[in-house]
Amino acid sequence: MTSVSRSIEDLTVDNIRDAYRAIEYYFEQGWTDGLPVVPPIAEKVQEFIAYAGRDPQEVVAEMAHLDRRCTVELAAINAVMAGCLKEYFPVVLASLACFRTGFALVQSTTGQSMLVMVNGPIRNELNFNSQAGVFGPGFRANATISRALRLIVMNALGVRPHEFDQGTQGTPAKYGFCIAENEEESPWEPLHVERGFSRESSTVTAHFARSCLHVENRVSNQPEEVLLTIADSLSYGGVWFTGWCRGSTVVMGPTHAQLLDRHGWSKADVKQFLWEHWGRRKGDLRAWGEYEREVVHAPFPGAYADGPDDEFLRFGESPDSLTLIVAGAPSAGVSAVITHFSPNRNTERIAEPGAA
């Protein structure tokens with residue numbers, strides 16, 4: 001980590017007035033997410049680019065239909081504005097790489113956010129929060145990396161509310177949706193190891209997501225009962241989108257994960273059980289007007305408009321449609337589910353400083 005000077009003895013009132021003027025100027029130009037940003041002076045932007053060791057003109061995100069592209073330089077500008085440290089910039093770039101094939105989805109009427117999950121040694125090196133309050137404020141890496149992605153979408157790709165952002169309601173997760181896995185208190189292999197990386201690698205896994213739904217079961221000590229509570233939360237009626245419920249992430253609290261492990265449940269066992277109970281009866285969907293022939297697409301076997309009312313329709317193609325990580329504190333039986341908006345859940349290795 002770079003040491004950051006805490007001294008303000010050389011600041012003058014005029015310096016602070018100038019900073020205020022710059023901050024207000026960025027508000028006036030519409031370059032913020034509604035909160036103040038850090039003025040991106042050239043030397044700071046160059047510091048970020050040099051630290052990452054990337055060509056400043058390399059394109060790292062693109063929306064061809066809008067003729068908009070984000071270069072490394074533009075990404076650095078927005079990362080500075082978001083309040084990132086230079087050490088965070090390789091994480092920002094790796095996160096962008098996860099979305100390289102689907103940035104058009106940032107315009108969706110669902111108004112989804114970009115969930116970023118960090119694994120490996122970099123979690124501790126950069127002080128990511130993976131424990132208590134993992135979805136909340138108070139940790140610079142979690143907050144500013146996610147914010148940098150949103151500023152890139154707004155400023156480099158031009159997708160802003162009331163303009164190209166078509167989100168009907170949006171989500172507060174657009175301000176910040178970056179967490180790290182609590183590998184130390186998880187009984188299972190971490191996500192990046194499950195996805196083929198070494199434990200010593202640092203990675204980000206990211207996907208487009210709706211908001212976070214908390215799941216509480218503080219009473220049961222039976223694995224099946226806890227998992228049925230989570231499966232029920234995964235299967236709420238509003239998540240079914242005419243056949244396009246393509247995946248979900250379960251962020252399991254350590255209390256639930258350790259309970260399951262004590263009863264001999266592996267990560268694969270958990271995903272299999274959840275998948276088998278993740279869905280609804282076709283009659284339920286028909287009663288809500290969500291399952292008529294003219295509106296149902298068929299992304300996987302079984303998702304067809306025919307079939308009896310009592311037929312159970314699984315909302316995922318396979319257990320691998322679920323992403324399972326452990327995060328939070330072991331203080332209560334609380335987990336969370338986050339539904340996907342697309343099947344893309346890419347994992348990228350975070351490059352070492354100065355390594356292209």
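Listed peptides 23-31, 257-265 appear in the order 257-265, 23-31 once ranked by packing, highest mean of other Cβ atoms within 10 Å at the front. Based on Cα contacts under 8 Å between residues 6+ apart, the chain shows a relative contact order of 22 percent. Computed from the C-beta positions of Phe312 and Tyr20 and an R0 of 56 Å, the FRET efficiency is 0.40 to the nearest 0.05. Quick one: Debye curve from the alpha-carbon atoms of the chain only, equal weights, vacuum; give me log10 I(q)/I(0) at q = 0.06, 0.10, 0.11 Å⁻¹ to two decimals. Each listed q maps to, in turn, -0.24, -0.65, -0.78. Specify whether the C-alpha gyration tensor of the stretch 1-87 places it in the rounded, prolate or oblate class, a ≥ b ≥ c being the square roots of the eigenvalues: rounded for a/c under 1.5, otherwise prolate if a/b is larger than b/c and oblate if not. Verdict is oblate for the stretch 1-87. Near Arg100: Cβ cut-off under 11 Å, other residues only, Lys/Arg at +1 and Asp/Glu at -1. The net charge is -2.
Could you compute the net charge surrounding Glu224? Neighbours are other residues with a C-beta less than 12 Å from the C-beta of Glu224; K and R count +1, D and E count -1. Please report the intermediate quantities before stating the final value.
Working: positive: none; negative: Glu225, Asp269, Glu276.
That sum, taken over residues with Cβ under 12 Å, equals -3.
From least to most packed, judged by other beta carbons within 10 angstrom and beginning with the fewest, Cys212, Cys98, Cys178 follow the order Cys212, Cys98, Cys178.
Which shape class, rounded, prolate or oblate, goes with the stretch 308-356 when its Cα gyration tensor gives a ≥ b ≥ c as root eigenvalues, a/c under 1.5 marks rounded, and past that a/b bigger than b/c marks prolate?
Values: a/c = 4.24, a/b = 1.54, b/c = 2.75.
Since a/c reaches 1.5 but b/c is at least a/b, the shape of the stretch 308-356 is classed as oblate.
What is the sum of charges, Lys and Arg at +1 and Asp and Glu at -1, for the other residues whose Cβ falls under 12 Å from the Cβ of Ser266? Walk me through the intermediate numbers first.
On the way: positive: Lys267, Lys271; negative: Glu189, Glu194, Asp261, Asp269.
Residues near Ser266 contribute -2 overall.
Across the stretch 102-251, C-alpha contacts under 8 Å between residues 6 or more apart give a mean separation that, scaled by the residue count, equals a relative contact order of 34 percent.
Pull out a ≥ b ≥ c, the square roots of the eigenvalues of the alpha-carbon gyration tensor of the stretch 207-284, then state rounded if a/c is under 1.5, prolate if not and a/b is larger than b/c, and oblate in the remaining case.
Details: a/c = 1.90, a/b = 1.72, b/c = 1.11.
In terms of gyration-tensor shape, prolate.
With contributions of -39500 (n - 2.57) from each DSSP H run of at least four residues, the per-residue ellipticity at 222 nm computed over the chain stands at -8500 deg cm²/dmol. A full extension of the chain between Asn124 and Ser220 corresponds to an added length of 31.3 nm, given 0.36 nm per residue minus the alpha carbon distance.
Modelled spin-label separation between Glu9 and Lys44, with each label point placed 7 Å from Cα along the Cα-to-Cβ direction: 2.3 nm.
FYI, it's all coordinate maths here, none of it is from the lab. On a predicted model such as this, the values are computed, not experimentally measured, just so you know. Quick reminder, even Gly has a Cβ in these numbers, built from the backbone with ideal geometry, and neighbours come from all protein chains shown.
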